[in-house]
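Everything below concerns the one structure shown next.
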Amino acid sequence: GVEHSGIDFQAVEARFWTNTSQARNSNQVVSLMKNTSYKALAELIGYRYAFDFIYVDGSHAPDVALTDACMAWGMLKQGGVMLFDDYKYPEEPTKVGIDAFLAGFEGKYDLILSNYQLAVQKK
């Protein structure tokens with residue numbers, strides 16, 4: 001597969017399609033955008049999409065996790081769930097960015113899961 005920074009993107013994409021095909025209902029649509037999260041989220045915001053579920057999983061850098069969460073939050077429907085991966089990932093500081101998001105949006109969500117992953121439901 002094509003590699004960049006040690007990541008086999010072909011394998012990542014194949015795993016994405018396998019996982020989503022197993023998890024989605026037949027009436028649900030899954031799309032793949034091959035871009036940085038910042039550019040892809042900006043494009044989705046421009047289309048005025050709204051989602052019931054958003055899964056934030058990408059860079060473990062706190063600034064990227066925070067930016068992704070803030071950009072995605074506006075597209076999450078009321079009652080929708082945002083799930084963060086790698087919340088308590090031991091070697092990476094992802095938690096710092098997610099905690100900053102939680103502090104900034106305090107009162108606007110209910111915490112529904114907090115362990116290796118963290119999930120909030122939009123009020």
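The values are calculated or read from the model by the stated rules, or taken from the named source; none is laboratory data. Nothing here was measured: the structure is a model prediction, and the numbers come from that model. Ideal geometry is used to build each Cβ from the backbone, glycine not excepted, and the neighbour counts take in all protein chains shown. Quick note on the areas: whole protein, heavy atoms, side chains included, nothing else; ligands and nucleic acids left out. Shrake-Rupley method; radii C 1.70, N 1.55, O 1.52, S 1.80 Å.
A few points about this structure:
- Helical content of the chain, expressed as a calculated mean residue ellipticity at 222 nm, amounts to -12000 deg cm²/dmol (DSSP H runs of 4 or more residues, -39,500 (n - 2.57) each, divided by residue number, nearest 500).
- Net charge of neighbours whose Cβ lies under 14 Å from the Cβ of F16, counting Lys and Arg as +1 and Asp and Glu as -1: -1
- Those lysines that a straight Cα-Cα span of less than 27 Å connects to K108, excepting residues fewer than 8 apart in one chain: K39, K77, K88, K95, K122, K123
- Virtual spin-label span in nm between V30 and S114, 7 Å along Cα→Cβ: 3.0 nm
- Cut-off under 5 Å, modelled amide H: who pairs with Y55 long-range: L83
- Apportionment of accessible area to carbon and sulfur, the chain, percent (1.4 Å): 53 percent
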